[in-house]
Amino acid sequence: LSTGNTVMKILNSQLTRRVISRTFESLRSQVQSESCVLAVCDSPVFIWPNKSVHATPEEITPNTPCEDIQQWIQTDDQESAGKRSAKKKSKKSSSSVINLRLMMELTQPGPLSAPILSKTVQRSHFLAATLPMDCVVCIGCSDTIKYACERLLEALTRQLCDMEKVTLQHMRGPTVLVPEALHFLLPEPKGLVTVVYTEGVSDSQLETQRKELHQQFELPDDRPYFRRANAYHFPNEPYKDGYLRNPHVVLTHPTLDNGKLYLVQGIYSYHHYMQDRMDDNGWGCAYRSLQTICSWFQQQGYVERSVPTHKEIQQALVDVGDKQASFVGSRQWIGSIEVQAVLNQLLGITSKIMFVSQGSELASKGRELANHFLTEGTPIMIGGGVLAHTILGVTWSETTGQIRYLILDPHYTGAEDLQLITDKGWCGWKGPDFWDQTAYYNLCLPQRPKVI
Amino acid sequence: MGRGYIVEDTVERYLSKLCEQQAGPVTGLLIGQSSAQRDFVVMAIRTPQSEESTAAGNSVDKELVSEHARQVSRMLPGGLSVLGVFIITDTDAKDTLTTLRQLVFAVENLISSELLWNPADDDVTDSVTLHVNTKTRKTVCRTFDVKDPKSTARPADWKYQSGVCSSWATVSCCLNVNLLVPLPHNKTSAENMDRCLKEGLKVWANQIESGVCLIDGKKLPEDSELTAGQRRNVRQMYSAQLLITPDDQRLPDVVQLCGGSVSVRGAIHSRAFLHSNKPKAKLAEKLLKRDVVSTVASRVQMLLEEEDQSGDKQQTEQLCLPRRVFCPVKVNGPVCVCDYQFSDEGLPEVIDRLKEMLDMDAAEEDLDTRQEMTAEVTESSVTTEPTVETVKASEPKKNNYIGVAMATAVALLATAASMLYLNDI
């Protein structure tokens, strides 16, 4: 047997599986041991969950409600790591996130026996991996730390079991496939759920697993909940790419008589003039609206490709024969038809086109728009006159016919300042008079693929 | 302005005695602790006589002095270090200064080559030299910056005082060590094991350095005074806890063929002393962590040095690291030195080494052997009793509001997650 074959043989053997299981067992007992410590990030708070929930500082007892921990967390505008003054007590009463780190205590009361150096000489394989554990528990503010620790320990132990299963399942050859834990926010009452995937295995290979999860959680099988892009983004983590997400959520939505709200579903990024060091002021509005739509499909997990640049958009149109090669690098406008073509070419997304011969007719399109947001929930690109915009939702009254449009304006040239963008109406509610009443408009309504 | 050294009275008596006894130059080491404002000297130790030097009475053996310093460093708990060198001679001051300069640089180079920790920005890099002239009985004190090869002598104050370390604080802990290092699969020579162990120790030392240190159960702000609120001139004892998490650097995952493994498992007692001039919490943490690293590294080193002399390297074996034994220094205060007692040695050997290396007269009653127990090699392998709970899939609690979501992001220790599996070929 050559060395190569021997390696393969060893790594798939029963013996190997037993050793891996034994190691996971030892990890589980470490997590359940008295040396396990939960450290609250950015604070002097440390909790020993398996030592009768002993904690430091001494003001914290097992019966302390979890919301009290907030006071100890040092935010950027604080100097010391002490308690915040009572005056500055947090106004937040609803959801908040406390980050913890799992640590191991190395010290313990002595005296103990001095170390032994053991040397083993035997041909074998050595496997070392860091397991990126990530657990979440949702509990009430007034629940005690003791309760939270019990839930966390349960979650950690369960995750180690899941990771063991995944590691054994995906053991193939000499490569190490490391498990990866992701959290997904499912519709109430299920809440946050943690799933262990394997790093490096793409979404397309995980379809069977997703089918099982959809069945397990009784979710519809025509929209994704468990793709990597669907992973829950915790409110206190900034997005690395710097784009604003869903600026519309901070707005106060209008109320109409018998009016109902129909909004875009899920997460999109706000793309507008001058971003990415691209000066498209005056001609790029439809491109930006298209980028916003692409960002929606990416973040809902339907596509993996990143938001296309202006050049890539133009190249796609050349590739489908819609434009000449000279189009690439030009500053030519595009319209809804081009947006539809690019969505199809680059993302494989089909779209419906809605045409109105004059802007005043848009006021009567309430039912169609409402239905679109109900069933598809995708952002709409609207082009007409000389402008392009994105429609993120409508408030529409079936009885009175009154309508308001939630508009995301790509003509904004400033920085990613949520306050400014919403105050000045760059993302805001507009009435039917927002449209040029005599111009004709084309709307591109992207359709959501029925996949998981 | 130059540095100021506050020196124990006992050092003066020791140096005077050496002046009277010896013909020919006497060199030795000065032991103590440096801080930003002041430096404290607690002990002076003459260089042991080797057979050659008694014959050639007049020359100063640089290698002997630095080797002595290296061995003495191993016997100093945290907070104590070799601060510099003294020489008692009637030779001219200028020549002596040159000799002294060479000595402190040689000592520094040798000692720092063995260190496993990274130097900190607030480390003092000056070494002190003391020249006691037997004829004139004058003492001349100068310092050199040993991190600067071009540094020149700067004058420093040398002042004797009693009770210099009488109210020094002690920080200590008992710490579990659990190292596992694979050995390469080609010839497992002794050098390979040494090198692998050293690399493994370096990784472990980094983990210790970046660990969280609690003092008396609390995480104190770095710049807070350790002894704030305590009565002055009362001896303080603090107990420390060390917590680690390897979340910052995620070491690359690895599967490799290996020829075996080396592990170091057991517990050590670590101790550090802090001067009484308003020491900060971060100093306590720094000194204790350095002691943790050096006590393990020194012992492993000693074991390997012993092993180099014995025979067959190609076998599975278990060796006991020596245990740490403390001995108080004969000054008023908590300061101790330490030695390592191998399992085949008795206390008389420890006493001999204390005399030979530290010129210290100690009796068996003085020794503190209660901090660590002698390691014993047993046949039982390390099997952890797994306690796998049967976790019932609990329904998520129905809340009217999602109050607090606690997220834990964790990367488990590579050595904890490391798996070693055996090939039955």
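The values are calculated or read from the model by the stated rules, or taken from the named source; none is laboratory data. Everything quoted here is computed from the prediction, not taken from an experiment. A quick note on method: Cβ atoms are made from the backbone with ideal geometry, for glycine too, and the neighbour counts reach across all protein chains shown.
Things to note:
- Some residue of segment B:149-166 being in contact with a Lys or Arg (Cβ under 9 Å, 6 or more places away or on another chain) and within 10 Å of chain A (Cβ to nearest Cβ): no
- Taking segment B:1-115 and the helices (runs of 4 or more DSSP H) fully enclosed by it, the elements with 3 or more residues that are buried (at least 16 other Cβ atoms within 10 Å of the Cβ) and hydrophobic (A, V, I, L, M, F, W, C) are at B:9-21, B:62-74, B:93-114.
Condition check ((1) touching a residue at least 12 places away in the same chain (Cβ under 8 Å); (2) surrounded by fewer than 14 Cβ atoms within 10 Å (Cβ to Cβ); (3) in a strand (DSSP E or B); (4) not assigned by TED's automatic domain parsing to the domain that holds B:Pro334) across all residues:
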residue: B:Pro149; (1), (2), (3), (4): yes, yes, no, yes
residue: B:Cys173; (1), (2), (3), (4): yes, no, yes, no
residue: B:Asn176; (1), (2), (3), (4): yes, no, yes, no
residue: B:Leu180; (1), (2), (3), (4): yes, no, yes, no
residue: B:His185; (1), (2), (3), (4): yes, no, no, no
residue: B:Glu191; (1), (2), (3), (4): no, yes, no, no
residue: B:Asp194; (1), (2), (3), (4): yes, no, no, no
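- Residue in segment A:60-67 that is within 8 Å of chain B (Cβ to nearest Cβ), out of contact with any helix residue (DSSP H, G or I) (no Cβ under 6 Å at 6 or more places or on another chain) and modelled with pLDDT under 90 present: yes
- Each residue in segment A:192-202 was checked for being more than 30 Å from A:Ser96 (Cα to Cα) and at pLDDT 80 or above, and 2 of them qualify.
- The condition of being among the aliphatic types (A, V, I, L, M), within 9 Å of chain B (Cβ to nearest Cβ) and within 24 Å of A:Val201 (Cα to Cα) does not hold for A:Val166.
- Among (1) in a loop (DSSP other than H, G, I, E, B); (2) within 13 Å of chain A (Cβ to nearest Cβ); (3) of a type in the set (A, V, I, L, M) - the single one B:Leu288 does not satisfy: (1)
- A single member of A:Leu192, A:Leu153, A:Leu186 is touching a His at 6+ places or on another chain (Cβ under 8 Å), within 25 Å of A:Gly140 (Cα to Cα) and crowded, with 16+ Cβ neighbours inside 10 Å, and it is A:Leu192.
- Considering each residue of segment A:194-201 in turn, at least one proves to be assigned to a loop (DSSP other than H, G, I, E, B) and on the phi < 0 side of the Ramachandran plot.
- Scanning segment A:175-201 for residues that are within 10 Å of chain B (Cβ to nearest Cβ) and acidic (Asp, Glu) turns up A:Glu188, A:Glu199.
- Checking each residue in segment A:336-357 for being assigned to a loop (DSSP other than H, G, I, E, B) and buried (at least 16 other Cβ atoms within 10 Å of the Cβ) picks out only A:Ile349.
- One residue from A:Pro247, A:Pro189, A:Pro235, A:Pro179 being at pLDDT below 90 and within 30 Å of A:Thr75 (Cα to Cα): A:Pro235
- Residue within segment A:254-264 that is crowded, with 20+ Cβ neighbours inside 10 Å and part of a loop (DSSP other than H, G, I, E, B) present: yes
- Candidates A:Ala388, A:Ala439, A:Ala370: the one that is part of a loop (DSSP other than H, G, I, E, B) and among the small types (Gly, Ala, Ser) is A:Ala439.
- Condition check for A:Ser142: touching a strand residue (DSSP E or B) at 6+ places or on another chain (Cβ under 8 Å), more than 24 Å from B:Thr245 (Cβ to Cβ) and either in a loop (DSSP other than H, G, I, E, B) or hydroxyl-bearing (Ser, Thr, Tyr) (or both): yes
- Some residue of segment A:289-311 being within 29 Å of A:Ala231 (Cα to Cα), outside any helix (DSSP H, G or I), in contact (Cβ under 8 Å) with a residue 12 or more places away in the chain and hydrophobic (A, V, I, L, M, F, W, C): yes
- Number of the condition not met by B:Gly311 [criteria: (1) within 7 Å of chain A (Cβ to nearest Cβ); (2) at pLDDT below 90]: (1)
- Annotation note: of B:Ala414, B:Ala375, B:Ala405, B:Ala362, the sole residue that is modelled with pLDDT of 90 or more, surrounded by 13 or more Cβ atoms within 10 Å (Cβ to Cβ) and of a type in the set (Gly, Ala, Ser) is B:Ala362.
- Residues in segment A:391-429 that are of a type in the set (Ser, Thr, Tyr) and touching an Asp or Glu at 6+ places or on another chain (Cβ under 8 Å): A:Ser397, A:Thr399, A:Thr400.
- On inspection, B:Val300 fails the criterion of being part of a helix (DSSP H, G or I), at pLDDT 95 or above and buried (at least 17 other Cβ atoms within 10 Å of the Cβ).
- Taken over segment A:413-450, the residue count meeting the criterion of being under 29 Å from the mean Cα position of the chain (by Cα), crowded, with 22+ Cβ neighbours inside 10 Å and farther than 22 Å from A:Gln265 by Cα is 0.
- The number of residues in segment A:115-161 that are in contact with a helix residue (DSSP H, G or I) (Cβ under 8 Å, 6 or more places away or on another chain), within 30 Å of B:Thr374 (Cα to Cα) and not basic (Lys, Arg) comes to 2.
- Of the residues making up segment B:199-214, those that are of a type in the set (D, E, K, R) and in contact (Cβ under 8 Å) with a residue 24 or more places away in the chain are B:Lys202, B:Glu209.
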